[in-house]
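Visitor: Following this message is one structure expressed as structure tokens.
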Amino acid sequence: MSRPASPAKVSVRAIAALAFAAVVVVGLDQVAKALVVANLPYGEPVPVLGSALQFLYVRNPGAAFSFAVNMTWVFSVISAAVVVAIIVYSRRIRSMWWAIVLGMLLGGALGNLIDRLFREPGFARGHVVDFISTPWMMPAIYNIADSFICISMVVFVLLVILGVNLDGTRTLSAKRQAEADAAAPLDGGAAFSAEQADVAEPHRASRPDDRDRRDTLGHDAT
């Protein structure tokens, strides 16, 4: 009777990496927003690298990149759900890559969720502080939390394409899986033949050869 598989142990290193990445992202995001609110004029562009990079302090009531500005509370709920989901699934993570990626996503979600919960005009309706403007890349204005959310999603897709699983194992491509399936019967047959030979050899060695038996019978007859 087979025993039920025991649940995999929680990877402390992976959870620590996830938490560290999230704390770093939240810290960078909130410190940057505090500096922007305290020092930048509202709605006036401040060139940093000419027109390639500007600081433009605005308050965004919608989602990332000023999307759906009239649905602030909806995105507060979505952000909270993302945070809870990542925390729940963190127990399954064994891969350091996945830990860092989900940590960045968690930090970005928390950074903007903090704004929505605690900034004006009220709880769960707060406006997110945006200040990074790169007109050559996109017309929207964003913040550090948005940047880390986008980076984490790009790396997320790459990990899925490369077949890296949450537990650190690798999923074989269709071609390699087909090669492995084709080689499996050959390997299994070779192993089985070797086992048969090992089992049959002692029995064959313990029995006299038919020729030796005939010689023995002939000697007794004489």
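Visitor: For residue 34, work out the one condition from (1) modelled with pLDDT of 90 or more; (2) open to solvent by 40 Å² or more (accessible area, probe 1.4 Å); (3) in contact with a Phe, Trp or Tyr (Cβ under 8 Å, 6 or more places away or on another chain); (4) among the hydrophobic types (A, V, I, L, M, F, W, C) it doesn't fulfil.
Guide: All conditions pass for residue 34, except number (3).
Visitor: So, one more: Which condition number does residue 135 fail, the rest of (1) over 20 Å from residue 76 (Cβ atoms); (2) at pLDDT below 90; (3) crowded, with 21+ Cβ neighbours inside 10 Å being met?
Guide: (3)
Visitor: Condition first: at pLDDT 90 or above and open to solvent by less than 30 Å² (accessible area, probe 1.4 Å). Now tell me which residues in the range 59-84 satisfy that.
Guide: Correct list: 83 only.
Visitor: Being among the hydrophobic types (A, V, I, L, M, F, W, C), open to solvent by less than 40 Å² (accessible area, probe 1.4 Å) and more than 19 Å from residue 111 (Cβ to Cβ) is the filter here, so list the residues in the range 138-172 that pass it.
Guide: Hits for the range 138-172 are 159, 164.
Visitor: Looking at the range 85-113 only, could you name the residues that are β-branched (Val, Ile, Thr) and either modelled with pLDDT of 95 or more or in contact with a Lys or Arg (Cβ under 6 Å, 6 or more places away or on another chain) (or both)?
Guide: The answer is 100, 101.
Visitor: If residue 91 satisfies every condition in (1) touching a Ser or Thr at 6+ places or on another chain (Cβ under 7 Å); (2) part of a helix (DSSP H, G or I); (3) surrounded by fewer than 19 Cβ atoms within 10 Å (Cβ to Cβ) but one, which is the exception?
Guide: That leaves (1) as the condition not met.
Visitor: I need the full set of residues from the range 72-125 which are of a type in the set (S, T, N, Q), within 24 Å of the chain's Cα centre (by Cα) and more than 16 Å from residue 17 (Cα to Cα), in order please.
Guide: Across the range 72-125, the qualifying residues are 76, 79, 112.
Visitor: Something else now. Hey, does the range 94-114 have a residue that's open to solvent by less than 30 Å² (accessible area, probe 1.4 Å) and out of contact with any helix residue (DSSP H, G or I) (no Cβ under 8 Å at 6 or more places or on another chain)?
Guide: no
Visitor: Next question, about the same structure. Return the total of residues in the range 117-146 being touching a residue at least 24 places away in the same chain (Cβ under 8 Å) and more than 13 Å from residue 60 (Cβ to Cβ).
Guide: 7
Visitor: Taking the range 116-132 as the region of interest, how many residues are open to solvent by less than 50 Å² (accessible area, probe 1.4 Å), farther than 25 Å from residue 156 by Cα and out of contact with any helix residue (DSSP H, G or I) (no Cβ under 6 Å at 6 or more places or on another chain)?
Guide: Looking only at that region, the number is 2.
Visitor: A further question on this structure: Is at least one residue of the range 143-163 aliphatic (A, V, I, L, M) and at pLDDT below 90?
Guide: As a first pass, look at the range 143-163 and keep what is aliphatic (A, V, I, L, M): 144-145, 149, 151, 153-155, 157-162.
Next, only the ones that are at pLDDT below 90 stay: none.
No, because not a single residue in the range 143-163 is aliphatic (A, V, I, L, M) and at pLDDT below 90.
The values are calculated or read from the model by the stated rules, or taken from the named source; none is laboratory data. All values reported here derive from a predicted model rather than from experimental measurement. In this analysis, Cβ positions are derived from the backbone assuming ideal geometry, glycine residues included, and neighbour counts consider all displayed protein chains. To get the accessible areas, we keep the full protein, side chains included, count just its heavy atoms, and leave off ligands, DNA and RNA. Shrake-Rupley method; radii C 1.70, N 1.55, O 1.52, S 1.80 Å.
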